[in-house]
Amino acid sequence: MQSTVNIPLTVGALLSAVAALLHLGIIAGGPAWYRFFGAGERFARAAAEGRWYPTVVTLGIAAVLFTWSAYALAGAGVIGTLPSLKAALVAITGVYLVRGVAFAPLVLAKGGTITPFVVWSSLICFGYGVVHLVGLVQRWTAL
């Protein structure tokens, strides 16, 4: 472990962990939470009917976000290194940035409308990506 901790990647880890916990909260909150957080009516109805796939998909997203949090902590120097750390951080940063920039145009291209969920989730993901990018640039040579 290094002597100094990278603040942006530490913040990025916290942001990913909060997003993961929010996804667990959505499962606990049920159909109303699926609707509020933009999962769509199909997911909300399926959750209301007690189907398994909304829970499994949402648990999968939470697991990915917790994993991303661990990678950001490793990149920040808070915990030990993880496999393919540099490549993983590049991929995580890229996914957040692309999700932030491309989601709204994709919604429009598919004939959808820009809802507050589309706007806010895109801004949040873009912000997460920028935080990761700053940390990644700062730590690039040490990774």
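The values are calculated or read from the model by the stated rules, or taken from the named source; none is laboratory data. Keep in mind that what you see is a predicted model, and the values were worked out from it rather than measured. Virtual Cβ from ideal backbone geometry, glycine too; neighbours counted across all protein chains shown.
Quick one: would you say ILE26 is closer than 18 Å to PHE117 by Cα, touching a Ser or Thr at 6+ places or on another chain (Cβ under 9 Å) and either loosely packed, with under 13 Cβ neighbours inside 10 Å or touching a residue at least 24 places away in the same chain (Cβ under 8 Å) (or both)? I'd like the intermediate steps shown before the answer.
On the way: closer than 18 Å to PHE117 by Cα: yes; touching a Ser or Thr at 6+ places or on another chain (Cβ under 9 Å): yes; either loosely packed, with under 13 Cβ neighbours inside 10 Å or touching a residue at least 24 places away in the same chain (Cβ under 8 Å) (or both): yes.
For ILE26, the condition - closer than 18 Å to PHE117 by Cα, touching a Ser or Thr at 6+ places or on another chain (Cβ under 9 Å) and either loosely packed, with under 13 Cβ neighbours inside 10 Å or touching a residue at least 24 places away in the same chain (Cβ under 8 Å) (or both) - is met.
Answer yes or no as to whether ALA20 is in a helix (DSSP H, G or I), at negative phi and of a type outside the set (Phe, Trp, Tyr). Give the derivation first.
Working: in a helix (DSSP H, G or I): yes; at negative phi: yes; of a type outside the set (Phe, Trp, Tyr): yes.
In short, yes.
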Can you name the residue in region 1-17 that is of a type in the set (A, V, I, L, M) and assigned to a loop (DSSP other than H, G, I, E, B) and is also surrounded by the fewest Cβ atoms within 10 Å (Cβ to Cβ) among such residues? MET1
Return yes or no: is ARG99 surrounded by 17 or more Cβ atoms within 10 Å (Cβ to Cβ), charged (D, E, K, R) and farther than 21 Å from VAL5 by Cβ? yes
Just checking, how many residues over region 59-81 are under 18 Å from THR4 (Cα atoms), touching a helix residue (DSSP H, G or I) at 6+ places or on another chain (Cβ under 7 Å) and not polar (S, T, N, Q)? 9
Would region 67-83 turn up any residue that is in contact (Cβ under 8 Å) with a residue 40 or more places away in the chain, exposed (fewer than 15 other Cβ atoms within 10 Å of the Cβ) and part of a helix (DSSP H, G or I)? no
Looking at (1) in a loop (DSSP other than H, G, I, E, B); (2) modelled with pLDDT of 95 or more, which is the only condition THR113 fails? (2)
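Inspect region 45-52 for any residue being over 16 Å from the mean Cα position of the chain (by Cα), of a type in the set (Phe, Trp, Tyr), at pLDDT 95 or above and surrounded by 13 or more Cβ atoms within 10 Å (Cβ to Cβ) and give the result as yes or no. Even if it seems obvious, please write down each step before you answer.
The initial filter retains those residues of region 45-52 that are over 16 Å from the mean Cα position of the chain (by Cα), namely 45-52.
With of a type in the set (Phe, Trp, Tyr) added as a condition, the list becomes 52.
With at pLDDT 95 or above added as a condition, the list becomes 52.
Within this subset, residues satisfying the condition of being surrounded by 13 or more Cβ atoms within 10 Å (Cβ to Cβ) are none.
No; the residues of region 45-52 include none that is over 16 Å from the mean Cα position of the chain (by Cα), of a type in the set (Phe, Trp, Tyr), at pLDDT 95 or above and surrounded by 13 or more Cβ atoms within 10 Å (Cβ to Cβ).
Could you run through region 35-61 and say how many residues are in a helix (DSSP H, G or I) and either under 14 Å from LEU15 (Cβ atoms) or among the acidic types (Asp, Glu) (or both)? Walk me through it before giving the result.
Let us first name the residues in region 35-61 that are in a helix (DSSP H, G or I), namely 35-36, 41-48, 53-61.
Retained after the next criterion (residues that are either under 14 Å from LEU15 (Cβ atoms) or among the acidic types (Asp, Glu) (or both)): 41.
Selection size over region 35-61: 1.
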